[in-house]
1. Report the label-to-label distance for residue 391 and residue 276 in nanometres (one decimal), using points 7 Å from each Cα along the Cα→Cβ vector.
2. Could you quote the convex hull projected area for region 78-435, Cα atoms only and averaged over all directions, in nm²?
3. Return the long-range amide H neighbours of residue 229 (sequence gap of 5 or more, or a different chain), with a cut-off of under 5 Å between placed amide H atoms.
4. For the residues 327, 192, what sequence is obtained by ranking on other C-beta atoms within 10 Å, fewest first?
5. Starting from the 7 Å offset along Cα-to-Cβ, what nm value, one decimal, do you get for the label separation of residue 98 and residue 422?
6. Quick check on my link table: of 289/386; 356/386; 236/289, which ones sit more than 28 Å apart, alpha carbon to alpha carbon?
7. Could you work out how much longer the chain between residue 156 and residue 111 gets when fully extended? Use 0.36 nm per residue separation minus the Cα distance between them, nm to one decimal.
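No lab work stands behind these numbers, since they all come straight from the coordinates. All values reported here derive from a predicted model rather than from experimental measurement. Using ideal geometry, Cβ is built from the backbone for each residue, glycine included, and neighbour counts are taken over all protein chains shown.
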Amino acid sequence: MLRGWELLARNNSGSKLIVYQPPGALFWRAEKEAGMPRIFAARLCSLALVLPVSVLLSSCGWQSLQGTRVTVNCPSWQMMSSQNPGNVGNQLSDLIALANNNIWAVGGVSDTSTATESRNLIEHWDGTRWSVVASQKPGFEESDYPDSLLRISGSSASDLWAVGDGEEGFLEHWDGSSWQAVANPAQPRTVYSYHFMSVAALSSTDAWAVGQTLLLASPTMRGNGEVALIAHWDGKSWSIVSNPDLHADLNGTQLDDIAALAPDNVWAVGSTSSVEQGQLALIEHWDGKSWSVVASPQPQGSADVNSALLWSLDALSPSDIWAGGFYELSGVEHYLLEHWDGHAWKLVPIPLQAKKWTILHQVLALSDSNIWALDAESTLLHWDGKSWSRSALPEAEQHGYTISRMAALPNGQLWLAGTVNDPLSSGPKTLLARSCS
């Protein structure tokens with residue numbers, strides 16, 4: 001029997017189905033007897049539980065799928081009880097799902113209305129409940145910048161990295177027993193501060209972080225002095241790795257996400273801008289020796305009043321990588337989704353329009369026929385291999401749900417992290433939800 005599923009009906013005839021139901025879920029899973037090569041899956045219908053295969057397929061709208069594993073898109077979401085240690089505000093920015101009993105979420109909390117009182121928040125799911133795990137507060141002097149963790153990634157259950165931002169960027173590491181602050185890369189006199197936006201780890205001796213470096217003003221500095229930041233961890237310390245000088249003279253260059261597939265295959269996305277061309281989507285690649293810019297579509301054209309930006313990156317394989325963001329053309333925003341097939345980046349159209357902000361914040365690829373995207377309005381977009389559809393948490397607007405990030409378990413179950421902006425409460429609360437599959 002499948003672990004976690006309740007056997008509802010069984011018949012030893014090869015023409016019948018074994019039907020299971022996950023506890024508390026609203027859909028069914030059915031499969032032929034052991035040794036049969038085909039699996040069947042479907043949502044709940046009102047028919048009897050044990051029927052010939054042909055009857056179920058025709059009457060209940062079931063689809064036959066080849067293989068030994070089926071991921072069912074769940075029709076509902078379960079809101080999870082989470083911790084809110086802050087007296088004024090609590091928010092979650094990202095999460096990583098390692099196993100059913102090992103999920104991490106990061107963000108920040110506030111105890112007073114003063115920004116300097118904000119601190120990191122790390123929560124952990126052990127399969128039963130969410131709990132707060134102690135985190136080290138960066139050793140910055142008091143400032144007007146709150147401390148908050150933005151992203152989390154890792155190579156194993158005992159090798160996790162979280163990056164955050166405050167007066168400057170900071171890094172924390174989980175070694176399997178505790179979270180510890182790790183020193184930033186050495187900062188030369190020409191640098192004012194580092195700001196980390198994302199992190200990816202291949203092993204305990206090979207991790208990458210990206211973001212933006214703010215340079216100190218100088219007579220020779222171009223633009224506003226904001227350049228792309230790429231840092232590498234070798235198991236002992238973080239160091240800055242040089243990346244292409246794009247001569248940005250308007251709003252600078254920034255890298256917002258990174259995906260590491262191998263020591264000689266790492267990708268990063270973001271944007272760069274100039275007076276002549278405006279803001280352009282940016283994709284860079286590490287081949288084991290150096291970083292280089294890789295050509296990518298610029299659907300906004302060359303007019304400086306238009307713009308494009310990539311915020312998210314996810315990889316299924318070296319020849320199957322997805323990047324998401326937005327582009328603005330003639331004052332109208334559009335979803336921007338690009339795909340790498342091993343040879344070139346190409347545009348992937350999403351024929352949907354958001355109510356207000358047509359911007360992709362995250363792309364999560366589970367397979368070529370199971371792609372999720374999160375937009376700026378906390379709407380979930382899904383590609384099933386044939387078409388795009390839109391969904392959202394139930395009564396999201398009424399309850400003030402804001403989704404920050406998504407993560408998926410190996411079995412395809414989705415988890416969401418974000419904030420509940422309930423006007424009746426003392427302040428924002430953490431939001432954690434999961435699909436019922």
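1. So the two model labels end up 4.7 nm from each other.
2. Numbers: hull surface 70.9 nm².
The orientation-averaged projected area of the Cα hull of region 78-435 comes to 17.7 nm².
3. Those lying under 5 Å, H to H, from residue 229 are 211, 212, 213, 255.
4. 192, 327
5. 3.1
6. Pairs exceeding 28 Å: 289/386.
7. Values: separation 45, 0.36 × 45 = 16.20 nm, distance 3.24 nm.
Extra length from residue 156 to residue 111 when fully extended: 13.0 nm.
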